[in-house]
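> One structure, pasted below without further comment.
The values are calculated or read from the model by the stated rules, or taken from the named source; none is laboratory data. The model shown is predicted, which means the values in this text are computed figures rather than measured ones. With ideal geometry, Cβ positions are generated from the backbone for all residues, glycine too; neighbour counts draw on all protein chains shown.
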Amino acid sequence: MIDKPSLFRVLLVEDEPADAHLIRLAFEENNLLVDLRHVSDGVEAFSFLRRQSGYSDEAQPDLILLDLNMPRMNGLQFLEKIKQEVAFRHIPVVVLTTSDSESDIIRSYDLGASGYVVKPVDIDDFIHQVKTLEDYWITLVRRPQKPG
């Protein structure tokens, strides 16, 4: 991928294809300049971030949307690991999951999550939540410049 500074880059770490499709649909409906990339678990997400295993041309994301319940490396393991790495810890990570467990919420914030959103069951509500996240992170929040 060629670096396009006008695009807001989002890395979606989600193992459920239906949820990934709905998130992509919600971003497309907003008609904003978003470059959404999708990987299915934490192991693949680190390959993406490190530009390994077929991801050598990928730009660093401006935001990571992270599911918790995934194979190989779950969301909490990924969150703990990414926040320990200097090169990646500045990237905001928003947990987007079906879990409304208080322990998952507390653990996510303790590990450095920038937000925690429980996926609604209703499709329209789900799309609305993703649009709200998009508006917040693209329009409202000021993020630090990327290092290097």
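> Return the residue satisfying two criteria in turn: it lies in segment 99-138 and is of a type outside the set (Gly, Ala, Ser), assigned to a loop (DSSP other than H, G, I, E, B) and loosely packed, with under 14 Cβ neighbours inside 10 Å, and of such residues it is modelled with the highest pLDDT. Don't jump to the end; show me each part of the working.
Taking segment 99-138 as the starting set, the residues that turn out to be of a type outside the set (Gly, Ala, Ser) are 100, 102, 104-107, 109-111, 116-138.
Remaining after also requiring assigned to a loop (DSSP other than H, G, I, E, B): 100, 111, 119-122.
Filter once more, keeping what is loosely packed, with under 14 Cβ neighbours inside 10 Å: 100, 120-122.
On the way: ASP100: 91, PRO120: 86, VAL121: 85, ASP122: 87.
Applying the filter and picking the extreme gives ASP100.
> Here is a check on your reading of the model: is ALA59 modelled with pLDDT under 95, in a loop (DSSP other than H, G, I, E, B) and touching a strand residue (DSSP E or B) at 6+ places or on another chain (Cβ under 9 Å)? Give the steps one after another, and end with the answer.
Details: modelled with pLDDT under 95: yes; in a loop (DSSP other than H, G, I, E, B): yes; touching a strand residue (DSSP E or B) at 6+ places or on another chain (Cβ under 9 Å): yes.
For ALA59, the condition - modelled with pLDDT under 95, in a loop (DSSP other than H, G, I, E, B) and touching a strand residue (DSSP E or B) at 6+ places or on another chain (Cβ under 9 Å) - is met.
> Shifting gears a bit: In the set ILE64, ILE82, which member is under 15 Å from GLY42 (Cβ atoms), in contact (Cβ under 8 Å) with a residue 40 or more places away in the chain and of a type outside the set (Ser, Thr, Tyr)? Steps first, please.
Working: ILE82 fails: in contact (Cβ under 8 Å) with a residue 40 or more places away in the chain.
When all the criteria are applied, what remains is ILE64.
> Then there's this: Which numbered condition in (1) surrounded by fewer than 16 Cβ atoms within 10 Å (Cβ to Cβ); (2) of a type outside the set (Lys, Arg); (3) touching a helix residue (DSSP H, G or I) at 6+ places or on another chain (Cβ under 7 Å) is the only one that PHE27 fails?
(1)
> So for segment 35-48 (the condition being part of a loop (DSSP other than H, G, I, E, B), of a type outside the set (Gly, Ala, Ser) and either more than 12 Å from the chain's Cα centre (by Cα) or closer than 22 Å to ASP135 by Cβ (or both)), does at least one residue qualify?
Step one: of segment 35-48, the residues part of a loop (DSSP other than H, G, I, E, B) are 40-41.
Next cut, of a type outside the set (Gly, Ala, Ser) only: 41.
Adding the requirement that they be either more than 12 Å from the chain's Cα centre (by Cα) or closer than 22 Å to ASP135 by Cβ (or both) leaves none.
Looking for residues that are part of a loop (DSSP other than H, G, I, E, B), of a type outside the set (Gly, Ala, Ser) and either more than 12 Å from the chain's Cα centre (by Cα) or closer than 22 Å to ASP135 by Cβ (or both), one finds none in segment 35-48, hence no.
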